[in-house]
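A.B. asks: Quick one: structure below, then a few questions.
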Amino acid sequence: MSESDKGAAAKAQELKEAIRKLDLRDRVIFLGSAALVVLFFLPWWSIEIFGTSQSQNGLADACWVGFIATCLGTVAGLANMGFVPLSGEWKRLAGTTTVQLGLAAAALLLGPIYFWSKWGSQQHPLAESGKTLFFWIALLVAGATAGAAGWKLADERKASGGGSPPA
């Protein structure tokens, strides 16, 4: 095994340990964002006419804005765990739950939900078309990521006394 392979294996093990140390919500936020980065490249919609098929991935139309949000969410998670060297205000922002929630919501709304509204399942009499399994997985992952970030923010507000109604 070469030195670079050993270094990469050590970094991978270090990342695995850092992820293991995260609480459930932070783990869902980070791993959800990372999974969405990959899911955006896979086919979300396909159509087959006379044996010829065509597909469209999650980077169609303006959905790429959701892809950028997932990339930023992944980078923020890596920065939180110390794998992306950020300092000062950037490091503080990367760990802010409000920023995590905003990125997760943008990824959900401008990724799968925008795709849902834009790429409907129009049935042509001679064609079979519709959203693929990867779209449904992306929708589920994006929803879970946004939900975990929202849950984390709600708990933080409760803990700081901001979530309870005035007496």
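A.B. asks: Modelling each spin label as a point 7 Å along the Cα-to-Cβ direction, I'd like the Lys91/Ala9 distance in nm, to one decimal.
C.D. replies: 3.1
A.B. asks: Same structure, new question: What do you get when you divide the Cα radius of gyration of the range 1-156 by 2.2 N^0.38 Å, with N the number of residues?
C.D. replies: The range 1-156 yields a ratio of 1.21.
A.B. asks: In whole percent, and with a 1.4 Å probe on the protein chains, what portion of the accessible area of the chain is carbon and sulfur?
C.D. replies: Numbers: 6470 of 9890 Å².
That fraction is 65 percent.
A.B. asks: Points 7 angstrom from Cα along the Cβ direction at Trp136 and Gln54: gap in nanometres?
C.D. replies: That separation, rounded to one decimal, is 2.5 nm.
A.B. asks: Okay, next question. Work from the charge dipole of the range 10-138 (Cβ charges, +1 for Lys and Arg, -1 for Asp and Glu, about the Cα centre) and give the residue of Phe115, Phe135, Leu72 farthest towards its positive end.
C.D. replies: Comparing the listed Cα positions along the dipole, Leu72 ranks first.
A.B. asks: Still on this structure, please answer the following. Calculate, for Ala159 and Ser46, the FRET efficiency according to 1/(1 + (r/R0)^6) with r their C-beta to C-beta distance and R0 45 Å; round to the nearest 0.05. Spell out each step's value before the answer.
C.D. replies: On the way: r = 46 Å, r/R0 = 1.02.
E(calc), rounded to 0.05, equals 0.45.
The values are calculated or read from the model by the stated rules, or taken from the named source; none is laboratory data. Fair warning: this is a prediction, and the values are worked out from it, not measured in the lab. Because the Cβ atoms are built from the backbone with ideal geometry, glycine has one as well, and the counts that use them run over all protein chains shown. All accessible areas refer to the heavy atoms of the entire protein, side chains included, with ligands and DNA or RNA removed. Shrake-Rupley method; radii C 1.70, N 1.55, O 1.52, S 1.80 Å.
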